[in-house]
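What follows is a single structure, written as structure tokens, with notes after it.
The values are calculated or read from the model by the stated rules, or taken from the named source; none is laboratory data. None of the values given here were measured: they were computed from a predicted structure. With ideal geometry, Cβ positions are generated from the backbone for all residues, glycine too; neighbour counts draw on all protein chains shown.
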């Protein structure tokens, strides 16, 4: 008698839909193990791509940042405190004053091309930059520095270049129509930074000085500039049709089409967080670096980022697909084994691997279409065997198709993903509630289905 009761309890649990729901939830948790591994693979492939980018840009040229030009004038600071411990008189040392131009105009033309490292395509560019403007005579009056302590003969003009080794031609400075050759290093303007400078010596006699010079640079990923003029105008054009404008300021005018882009910035010095001149004791490095603006040459669609985003919705996919199969169990009394749920879920997990691997070769959109199409066919075909009829399998296939269309929309409209996602979840829940509105859950959990079963015949 005890054995019969145990068998009845086990049979009741086995036929209970509440038990099946709990088991489905356990299967979804179990499928998070391969999903976790897939996330790791996506991250690993992204790092491999980054290594390929670093290898190419290390030889060709990295992202270029131009900071300058500026005039640096050394002077003797005699106001330093004495060393009382050694009873020495007030000491003095050479410090440096930096002066920025009154006007600065930068005109750049960027010609991009793709380089290959294995299966990865890396955008690099050749950039021609023309810089021109005007300096006023450096003024020390505000700092109470004796004119005899100003070392005019050691003054120089300098420009910081983030990757100076990528210059392809030696630039020549036109200083009040006088040609002057540049020398390596940015001097005290950037002690640990790459750059170039020109010794001005006795060329600061006067009230204003016009300058102009051109640079030829190789680079990759992006190009950035600093608004060093009292009025700064930057104009950049390129044949790259997918720019990403970055930095503290966006262009006031821009045109982007299939032939490339044109962008213009106009920045007054009141917009930045540092003055027109400063002494070496001023710590303005962070303010200067924070004022950079420019453009990144990025791929139209980053398939690694899109793959990471698509994986975030995998639980929703599993829940809704399993819910569709479970509704067939509830409404039509078809028994589906947990292994069949597991195999269906495994097929949907493979989608993310297919999407990633195909995207590396063909781009994201073709990869997404091919991967989702393959999984839709796989799940629909398998459902035909599990659910016994083609008509029911087509219902499952339609649900999975709608899910992949829904996911693609979410990926393409990132700004509205939360809104569309919330509406989608509401519709899915409302559909399940509508289909199960007449189900007697008390009878169902005891193993007896409510309502009249639907005919299995087509």
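Please indicate, with yes or no, whether at least one residue in the range 160-179 is under 24 Å from the mean Cα position of the chain (by Cα) and either closer than 18 Å to residue 134 by Cα or part of a strand (DSSP E or B) (or both).
Yes, the range 160-179 contains a residue that is under 24 Å from the mean Cα position of the chain (by Cα) and either closer than 18 Å to residue 134 by Cα or part of a strand (DSSP E or B) (or both).
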- Evaluate the following for residue 360: is it surrounded by 17 or more Cβ atoms within 10 Å (Cβ to Cβ), at pLDDT below 85, within 19 Å of residue 311 (Cβ to Cβ) and assigned by TED's automatic domain parsing to the domain that holds residue 328? yes
- Message: Restricting to the range 419-458, count the residues that are loosely packed, with under 12 Cβ neighbours inside 10 Å and at pLDDT below 75.
- Response: 7
- Output yes when any residue across the range 117-126 is in the same structural domain as residue 235 (by TED's automatic domain parsing), touching a residue at least 12 places away in the same chain (Cβ under 8 Å), within 30 Å of residue 278 (Cα to Cα) and not in a loop (DSSP other than H, G, I, E, B), and no when none is. no
- Task: Please work out which one of (1) more than 30 Å from residue 363 (Cα to Cα); (2) surrounded by fewer than 17 Cβ atoms within 10 Å (Cβ to Cβ); (3) modelled with pLDDT of 85 or more is the condition residue 84 fails and give its number.
- Result: (3)
- Just checking, how many residues over the range 329-340 are under 15 Å from residue 388 (Cα atoms) and touching a helix residue (DSSP H, G or I) at 6+ places or on another chain (Cβ under 6 Å)? 3
- Task: Please specify each residue of the range 173-184 satisfying the condition of being within 30 Å of residue 56 (Cβ to Cβ) and surrounded by fewer than 18 Cβ atoms within 10 Å (Cβ to Cβ).
- Result: 183, 184
- Query: What are the pairs, 6+ residues apart or on separate chains, where a residue within the range 8-31 that is outside any helix (DSSP H, G or I) has its Cβ under 8 Å from a residue that is at pLDDT below 70?
  - Reply: 16/445; 16/446; 16/447
- Just name the residue that is surrounded by the fewest Cβ atoms within 10 Å (Cβ to Cβ) out of those in the range 185-196 that are in contact (Cβ under 8 Å) with a residue 60 or more places away in the chain and not in a loop (DSSP other than H, G, I, E, B). 188
- Item | Qualifying residue in the range 105-114 (condition: buried (at least 21 other Cβ atoms within 10 Å of the Cβ), in contact with a helix residue (DSSP H, G or I) (Cβ under 6 Å, 6 or more places away or on another chain) and in a strand (DSSP E or B)) | no
- Has the range 146-153 got any residue that is touching a helix residue (DSSP H, G or I) at 6+ places or on another chain (Cβ under 9 Å) and part of a strand (DSSP E or B)? no
